[in-house]
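Notes for the one structure printed next.
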Amino acid sequence: MRWIPHDRLPTVAVIGLGYVGSCVAATLSDRGHDVLGIDTDTGLVDELTRGHCRFHEEGLPESLARGLAAGRIRIATDQSAVSAADVVLITVGTPVREDGSMADDQLAGACEELGRHLREGQMVILKSTVPPGTTSTKVRRALERPGLAAGEEFGLAFAPERLAEGTAMRELRELPMVVGGVNEDSTADAAEFWRRGLGVRVITVGSAEAAEIVKLTDNWWIDLNIALANELARYCELFGVDAHEVIPAANTVPKGSGNVNVLIPSVGVGGSCLTKDPWMIWHSAREHGLDLLTPVAGREANTAMPGYAADRILSGLRRLGKAPEDSRIAVLGLSFKNDTADLRETPVLPAVTHLDKSGADVCLFDPLVAPADTERVFGRAPAASLEAAVTDADCVAVLAYHREMEAVDLTALPVSRPCLFFDGRANLPREYVDRLRDSGFSYEGVGR
Ligand SMILES: NC(=O)c1ccc[n+]([C@@H]2O[C@H](COP(=O)([O-])OP(=O)(O)OC[C@H]3O[C@@H](n4cnc5c(N)ncnc54)[C@H](O)[C@@H]3O)[C@@H](O)[C@H]2O)c1
């Protein structure tokens, strides 16, 4: 090993303490590493320093608090102390622009500053999702200077972050880590760091580009597979068939290393990754003269879902003899998927916008989302409680269904009966659906 110490745990700097960086910093600290967390967002740094964690992730606040109390986590707004770290992880945001190209200002800023502090003997690992070639061109160029070459004086590798929000802390300790360096030494040291650092299986690939494409492939597959599930749901509806009956049955055929594995249809795909990574793939292919069809098809199918769900709600109300403009719709669950408070690119927003246009009185509630965040994203305050949201509602639309909502007996809600129950992501089992129907609800859902 060239850059990782043999006789002690490496010290780590994490540049970018957003969702991913906070989870990675907290987990490495729990594993005994000294971690310096760096973020240019002074508000976030203040919060973290005070022990407040804005990310709703099981186990994260406790883990951060433990690290801070033990002095294993220190937090800063600049990289002046970064040269003390053995390993530097970069976890800044990499959104895309309108044309699908990576908006690289966060990455460029982080690398430019790191370039000023980097010293011989450090190992730099990029974890942010990037188009192929970013590590070995853009990042390398920003970090190298005379006498300080990547793969020689310092190690440089890409190791994608593949955790999913809602299960991040568990997945960080369980998911295999993929590692590809700019040369063999970089791959070997980065692999050793993750093997010891997280205790996970490490899969090494032959280049940083291969590791970059692994990450993009995962999200390409997931978005496209959900698109298949969503179009399948719409297809099933034409024939009065429940997609939730079809999918488990279809998924019993062995194929490749597992079974056919169609995912679950829903009100749509959101979050900061699946909504942009397919475009990153599409754009980087285009730059090399290849016109990819599937990333676009997946995005288009999934982007259509909020409007489709909203139309189903409006037609469902009409079937009950209720004019949308005279109806009250309670939207429960606002985040981009179950068990997260993250509103980034939530499909609930376009669904609500569509419902608003019908003239319906749409009120919002989510037990996980802070009221200020609801106001910022949806332009209105949420109802004060679940009960306030659903009282006298003509429709209850569950568009994200968190564990916290499972304890609520939905059949007993104080709605105006008959009431439309629209299931956008709860995937309620058949018996529950029967009980809802018995208690005066007309149940509909995506694919049902
Ligand atoms: N959120 C997820 O579930 C997830 C999962 C896997 C991979 N990823 C990828 O991981 C990366 C980070 O995602 P995220 O969701 O944590 O993003 P985020 O927006 O929550 O966090 C990025 C953080 O980087 C900080 N930052 C920006 N420029 C900086 C600089 N120059 N120096 C220090 N800090 C800086 C920002 O202030 C912000 O706090 C992205 O590439 C994303 O695609 C995200």
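The values are calculated or read from the model by the stated rules, or taken from the named source; none is laboratory data. The structure displayed is predicted, hence computed values, not measured ones. Cβ: placed from backbone, ideal geometry, glycine included. Neighbour counts: every protein chain shown. SASA here: full protein model, heavy atoms, side chains in, ligands and nucleic acids out. Shrake-Rupley method; radii C 1.70, N 1.55, O 1.52, S 1.80 Å.
Starting at 0 and stepping by 5 Å, how many percent of the alpha carbon pairs of region 350-398 end up in each bin?
Histogramming region 350-398 at 5 Å steps yields 5, 20, 31, 29, 15, 2 percent.
Past the 39 angstrom mark, what percentage of all C-alpha to C-alpha distances in the chain do you count?
Percent of Cα pairs beyond 39 Å in the chain: 27.
Please tell me the relative contact order of the chain in percent, rounded to the nearest whole number, where contacts are Cα pairs under 8 Å and at least six residues apart.
12 percent
Dipole size in debye (nearest 20) for region 12-206 around its Cα centre, Lys and Arg Cβ +1, Asp and Glu Cβ -1?
Roughly 340 debye for region 12-206.
Note the angle between two axes, namely the Cα long axis of helix 60-69 and the longest principal axis of the Cα atoms of the chain, as a number of degrees from 0 to 90, rounded to the nearest 10.
In the chain, helix 60-69 runs at an angle near 40 degrees to the longest axis.
If one puts a single equal scatterer on every Cα of region 303-445 and applies the Debye formula without solvent, what log₁₀ I(q)/I(0) results at q = 0.13, 0.21, 0.22 Å⁻¹?
So the normalised log intensities are -0.48, -1.40, -1.55.
Tell me, what HN-Hα J-couplings in whole Hz come from the Karplus equation 6.51 cos²θ - 1.76 cosθ + 1.60 at θ = phi - 60° for each residue of region 387-401, using x for Gly and Pro?
Once rounded to whole Hz, the list reads 4, 4, 5, 9, 4, 6, 6, 8, 8, 10, 10, 8, 10, 8, 10.
Going by Cα centres, region 158-184 and region 133-152 are how many Å apart?
After rounding, the separation between the Cα centres reads 22 Å.
So what's the angle, to the nearest 10 degrees on a 0 to 90 scale, between helix 19-30 and the longest Cα principal axis of the chain?
60 degrees
Calculate, in whole percent, how much of the Cα-Cα pair population of region 1-150 lies beyond 17 Å.
61 percent
Scanning the chain for GluC sites (Glu not before Pro) in DSSP loops with at most 12 other Cβ atoms within 10 Å, what's the longest stretch left with none?
121-405
Treating region 111-151 as a set of equal point scatterers at the Cα positions, no solvent, please give the Debye-formula log₁₀ I(q)/I(0) at q = 0.30 Å⁻¹.
For the requested q values the scattering log ratios are -1.23.
Based on the Cβ-Cβ distance of Ala84 and Ala164, what FRET efficiency does E = 1/(1 + (r/R0)^6) give at R0 = 51 Å, to the nearest 0.05?
For R0 = 51 Å, the calculated efficiency reads 0.95.
Between region 287-325 and region 29-55, how far is it from one alpha carbon centroid to the other, in angstrom?
Region 287-325 and region 29-55 have Cα centres spaced 38 Å from each other.
Which listed residue (Val182, His244, Trp220) has the Cα farthest towards the positive end of the charge dipole for the chain, taking +1 on Lys and Arg C-beta and -1 on Asp and Glu C-beta about the Cα centre?
His244
Angle, helix 348-357 long axis vs. longest principal axis of the chain, Cα atoms, 0 to 90°, nearest 10?
So the inclination is approximately 40 degrees.
Roughly how big is region 303-445's charge dipole about its Cα centre, with Cβ charges of +1 (Lys, Arg) and -1 (Asp, Glu), in debye to the nearest 20?
340 debye
Residues of the chain: accessible area per residue at 1.4 Å, in Å²?
That works out to 42 Å² per residue.
Return the whole-Å distance between the Cα centroid of region 239-281 and the Cα centroid of region 389-432.
Distance between centres, Cα-based: 24 Å.
Can you bin region 208-328 into rounded, prolate or oblate? Criterion: square roots of the alpha carbon gyration tensor eigenvalues sorted a ≥ b ≥ c, rounded for a/c under 1.5, prolate for a/b above b/c, oblate for the rest.
oblate
What's the tally of Lys pairs in the chain whose alpha-carbon atoms lie under 17 angstrom apart, where the two lysines are 8 or more places apart or on different chains?
Close lysine pairs under the 17 Å cut-off: 6.
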